[in-house]
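Quick notes on the structure that follows.
The values are calculated or read from the model by the stated rules, or taken from the named source; none is laboratory data. This is a predicted model, so every value here is computed, not measured. Cβ sites come from the backbone with ideal geometry, for glycine too, and all protein chains shown count toward neighbours.
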Amino acid sequence: MIVVDDLLVRPFVSLLDVLHSMALDEMYDVEGIQDELKETHLLYEIGELSDEEYRARKEELEEQLEVAEEVHDRLRNGKVEVKG
């Protein structure tokens with residue numbers, strides 16, 4: 001019975017690991033956040049954002065970037081996986 005469970009469940013869990021990694025990669029897009037930071041800075045420089053708006057948005061994006069980089073680091077090290 002254990003052998004049958006391993007044969008049926010293991011491929012499903014492996015598929016879930018791949019899908020989970022892909023979802024995290026999409027949700028925590030480091031390059032996208034870096035692009036938003038550049039865009040925010042550009043908008044500030046051309047006067048589209050006030051100093052207060054710029055600082056608030058920059059702080060928010062930097063926090064998102066930190067989390068995204070941590071998630072990607074964990075993905076690279078294999079520390080994020082689906083338990084089955």
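Points to keep in mind about this one:
- If you check E39, E31, E48 for being modelled with pLDDT under 95 and among the acidic types (D, E), only one passes: E31.
- Applying the condition of being within 12 Å of A23 (Cα to Cα) and aliphatic (A, V, I, L, M) to the stretch 68-79 and asking which residue is modelled with the lowest pLDDT yields L75.
- Enumeration of residues in the stretch 22-43 that are touching a residue at least 24 places away in the same chain (Cβ under 8 Å), assigned to a helix (DSSP H, G or I) and in contact with a helix residue (DSSP H, G or I) (Cβ under 6 Å, 6 or more places away or on another chain): L24, V30, I33, E36, L37
- Meets criteria (surrounded by fewer than 11 Cβ atoms within 10 Å (Cβ to Cβ), at pLDDT 90 or above and more than 10 Å from the chain's Cα centre (by Cα)) for E60: no
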